[in-house]
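Encoded as structure tokens, the structure appears first; notes follow it.
Values in this text are rule-based calculations from the coordinates and carry no lab data. Being a predicted model, the structure only gives us computed values, none of them experimental. Note that each Cβ is placed from the backbone with ideal geometry, even for glycine, and that neighbours are counted across all protein chains shown.
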């Protein structure tokens, strides 16, 4: 059902599908499959991620501004550059299921096995302006 083999009791029971415009930090000015890898897949040797359900989800944000804020926070607090571009895309019900945190505008989505980034509707891709 899901793209990855998930730990026990993952995802949580209170998830749902979303049909929204969302934002995602990506590496280049075109989408590629690796832009939709979970932390668990990106860092398979990280023992901490093995049983952390959220590590198997992919992050999206409700607004461009919330995405920029997350980018800046990761850079300042962890010296971590998440990417150089932000993609505005249409997330549809058949992509996956997840949960949304209103306070941060953050979606955690566990992608379905049939998910393919090539099926996403891309509205725009914009280079991150750190002075914004």
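Where Rh is the Kirkwood radius over the Cα pairs of the chain, the temperature 10 °C and the viscosity 1.306 mPa s, what D in µm²/s does Stokes-Einstein return?
Stokes-Einstein gives a translational diffusion coefficient of 105 µm²/s.
So what is the 222 nm mean residue ellipticity for the chain from helices alone, if each DSSP H run of at least 4 adds -39500 (n - 2.57) and you divide by all residues, rounding to the nearest 500 deg cm²/dmol?
One gets -4000 deg cm²/dmol as the mean residue ellipticity at 222 nm.
Which angle between 0 and 90 degrees, to the nearest 10, do you get for helix 64-78 versus the longest principal axis of the chain when only C-alpha atoms count?
Compared with the principal axis, the helix lies near 80 degrees.
Between residue 29 and residue 102, how high is the FRET efficiency from 1/(1 + (r/R0)^6) when r is the Cβ-Cβ distance and R₀ = 25 Å? Nearest 0.05.
It comes to 0.25.
Using Cα pairs under 8 angstrom and six or more residues apart, how large is the relative contact order of the range 16-126, in percent?
The value is 38 percent.
For the peptides 56-62, 44-50, 32-38, what is the packing order when you average, over each peptide's residues, the other Cβ atoms within 10 Å and list the highest mean first?
56-62, 32-38, 44-50
Order of 10, 95 from fewest to most other C-beta atoms within 10 Å?
10, 95
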